[in-house]
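Asker: Have a look at this one before I ask anything.
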Amino acid sequence: MPWSQGHVGSTPTPGTTEDRRQLEAGSHVIDLVIVGAGAAGLATAIFTRRADPRRRVVLLEGAKKPGAKILVSGGARCNVTNARVTEADFWGGRRAIVRRVLRSFSVTDTIAFFQDLGVSLHEEADGKLFPDSNRARDVLDALLRAVHDAGVELRCGHRVLGVRQADEGFAIETSHGPIQARALVLATGGLSLPKSGSDGAGVQFAAALGHTIVPMTPGLVPLRLDPDSRFPFATLSGVAHDADVSVTAGGRVVERLRGALLWTHFGISGPVALNASRVLLRARLDGQEASLAIGFVPGYDFQRLEETFVRAARDRPTSTVQALLTAWLPASVAAAIAAYAPIDAAIPLAQWTREDRRRLVHALTALELAVVDSRGYNYAEVTAGGVALDEIDPATMESRNVRNLFLVGEMLDVDGRLGGFNFQWAWASGKTAARGVTRLR
């Protein structure tokens, strides 16, 4: 049975007459308030109460129901984590800080945590770990049961409107009235998938409290191509294949990626495009001239592919260019590249001129796509940028600027590649914050 998502503990609910009276009297200071009941907020709440059951923990969620992003993640299956996670799987702040946080709660720890919650995981391609039921709902329900069992007070529909420092910690203004807290965890996420409730409010709170904000951009987001570009990408809508992707910024290649590419009516998507999007958009936001190029034959540079074509013409002179291309690529993609080059794909290899061969090889190994923009935060899986990571203590996730303020999850300047890495950051940063909170006296 799914746990009721409006659970409130034994203390009065903020907004009631009694609660307001206590607040006004200054006698109702909560030990810890967590803002945001997404993955990181839920994890922080569970780990804190498990470590210190005497500490009162209130978890505020602006939406009517918590965990909206969990439910839609991984095609509604929830890619809980990845079998192999290191700091190299993330962009943003210093990797040494990311590494330290990740080591506080490993993939093995995550698997054991969910097993304890009754959610066993299995591994799929590229190390992705999903619940055996293949249902994101089961993951969320297990977390909500754990929140209840730990004695966390979950208050949905309680939108935080403002935060400021006060004599005893923090004064928090909510849609149900004021709350006072000795310690505060911001776990509000970034700007991605705003329909889930992510609006960047927590980042604004952090900025108001004195934190530096790294400019934000969509991450893991499909890219839109110029509809007037010479390469006929729209004719390939729905076609997928493996590809190499390189991102060039400031006159040099800054990222090389490999994976599945999906052509769409608006441009490109698929894992390799989503991973590349962050790098491209970040570079452009920083004012650099940045571009993206596709290699249609993974692992082949210009020289290797040309040598392969020369051998093929020698060994199979009567074979056609089209036959050669379709050995590597879907027929529709092969035809599109031939039209772009342009070359006559029906000619025998023996009649292929050096100029035609080299033109095709260049298109196959470094076809620059005219990326005009991304599809925006509505389609982004993460937010790149956020609160500067250097301003957080990686041993506790406590702010270096504001005592008893903790920051976790996506609102920090950390974003992982596709495949469960961002969830692992949520669990690990939540665990680290809980350890920091329980050290407070």
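Asker: Calculate the translational D of segment 284-384 in whole µm² s⁻¹ from Stokes-Einstein, where the hydrodynamic radius comes from the Kirkwood formula applied to all Cα pairs, the temperature is 37 °C and the viscosity 0.692 mPa s. If you can, show how the numbers build up before the last one.
Answerer: On the way: Rh = 15.3 Å.
In µm²/s, the coefficient is 215.
Asker: OK, next. Quick one: net charge around Val85, please, counting Lys, Arg +1 and Asp, Glu -1 for every other residue with C-beta under 14 Å from its C-beta. Could the numbers behind the result be given before it?
Answerer: Numbers: positive: Arg84, Arg95, Arg99, Arg100, Arg103, Lys128, Arg417, Lys431; negative: Glu87, Asp89, Asp109, Glu123, Asp126, Asp415.
Cβ neighbours under 14 Å give a net charge of +2.
Asker: Rounded to the nearest 20 Debye, what is the dipole magnitude of segment 310-397 about its Cα centre when Lys and Arg each give +1 and Asp and Glu each give -1 at the C-beta?
Answerer: Numbers: 8 positive and 10 negative charges, 184 e Å.
Using only the charged Cβ atoms, the result is roughly 880 debye.
Asker: Moving to a separate point now. Please grab the % of Cα pairs in segment 79-198 that end up more than 20 Å from each other. Don't skip to the answer; put the middle values down first.
Answerer: Details: 4445 of 7140 pairs.
Here the tail beyond 20 Å accounts for 62 percent of pairs.
Asker: With a length cut of 15 Å (Cα positions projected on each helix's long axis) and a Kyte-Doolittle mean of at least 0.0, go through the chain and give me the DSSP H helices that pass.
Answerer: Numbers: long enough: 39-51 (18 Å, 0.72); 136-150 (21 Å, 0.29); 271-285 (22 Å, 0.64); 302-315 (20 Å, -0.79); 354-365 (16 Å, -1.27); 421-438 (26 Å, -0.18).
Helices passing the filter in the chain: 39-51, 136-150, 271-285.
Asker: Could you give the alpha-carbon Rg of segment 197-282 over 2.2 N^0.38 Å, rounded to two decimals?
Answerer: Computed over Cα atoms of segment 197-282, the ratio equals 1.36.
Asker: For the chain, with a Gaussian network of springs between Cα atoms less than 10 Å apart, report the residue from Leu129, Leu349, Leu280 with the top mean-square fluctuation.
Answerer: Maximum fluctuation in the GNM of the chain, among the listed residues, is at Leu349.
Asker: To continue, here is another question. Given a 10 angstrom Cα cut-off, can you work out which residue in Leu329, Leu220, Leu281 is the most mobile in a GNM of the chain?
Answerer: Among Leu329, Leu220, Leu281, the largest mean-square fluctuation in the Gaussian network model of the chain belongs to Leu329.
Asker: Quick one: putting +1 on the C-beta of Lys and Arg, -1 on the C-beta of Asp and Glu, what dipole do you get for segment 222-375 around its Cα centre, in Debye to the nearest 20?
Answerer: My answer is approximately 200 debye.
Asker: Please report, in whole Å³, the volume per residue of the convex hull around the C-alpha atoms of the chain. Don't jump to the answer; show the numbers that get you there.
Answerer: Numbers: hull volume 62.3 nm³, N = 441.
Measuring per residue, one finds 141 Å³ for the Cα hull of the chain.
Asker: Turning to a different aspect of this structure: Cα to Cα, under 20 Å, and not fewer than 8 places away if on the same chain: which lysines meet these conditions relative to Lys195?
Answerer: Filter leaves Lys64, Lys65, Lys69.
Asker: Also, quick follow-up: Let me understand segment 222-375 better: what is its radius of gyration from the alpha carbons, and its Dmax, in angstrom?
Answerer: When restricted to the Cα atoms of segment 222-375, Rg and Dmax are 15.7, 51 Å.
Asker: Give the residue from Gly127, Ala434, Leu161 lying farthest towards the positive end of the charge dipole for the chain; charges sit on Cβ (+1 for Lys and Arg, -1 for Asp and Glu) and the dipole is referred to the Cα centre.
Answerer: Ala434
Asker: Which distance in Å, rounded to a whole number, links the C-alpha centroids of segment 366-424 and segment 36-109?
Answerer: 13
Asker: Of Gly92, Trp352, Gln115, whose Cα points farthest to the positive end of the dipole of the chain (charges on the beta-carbon: +1 Lys, Arg; -1 Asp, Glu; origin at the Cα centre)?
Answerer: In the chain, that residue is Gln115.
Asker: With +1 assigned to the C-beta of every Lys and Arg and -1 to the C-beta of every Asp and Glu, and no other charges, what is the dipole magnitude of the chain about the Cα centre in debye, to the nearest 20? Don't skip to the end; give the middle numbers.
Answerer: Numbers: 50 positive and 46 negative charges, 108 e Å.
I would put it at about 520 debye.
Asker: Compare the Cα positions of Ala335, Val221, Ala76 along the charge dipole of the chain (+1 at Cβ of Lys, Arg; -1 at Cβ of Asp, Glu; about the Cα centre) and return the one farthest towards the positive end.
Answerer: Value: Ala76.
Asker: Once you list every other residue whose beta carbon is under 11 Å from the beta carbon of Lys431, what net charge do they have if Lys and Arg are +1 and Asp and Glu are -1?
Answerer: Working: positive: Arg50, Arg103, Arg435; negative: Asp109.
Surrounding charge for Lys431 is +2.
Asker: I've got another one for you. Which of these, Thr320, Thr44, Thr212, has the largest mean-square fluctuation under a Gaussian network model of the chain (Cα springs below 10 Å)?
Answerer: Evaluated over the chain, the most mobile residue of the options is Thr320.
Asker: Turning to a different aspect of this structure: Any idea what % of Cα-Cα pairs in segment 174-241 are farther than 14 Å? Kindly include the intermediate steps, with their values, before the conclusion.
Answerer: Working: 1717 of 2278 pairs.
Value for segment 174-241: 75 percent of Cα pairs lie more than 14 Å apart.
Values in this text are rule-based calculations from the coordinates and carry no lab data. The shown structure was predicted, so the numbers you read here are calculated from the model rather than taken from an experiment. Positions of Cβ are backbone-derived with ideal geometry, glycine not excepted, and every protein chain shown enters the neighbour counts.
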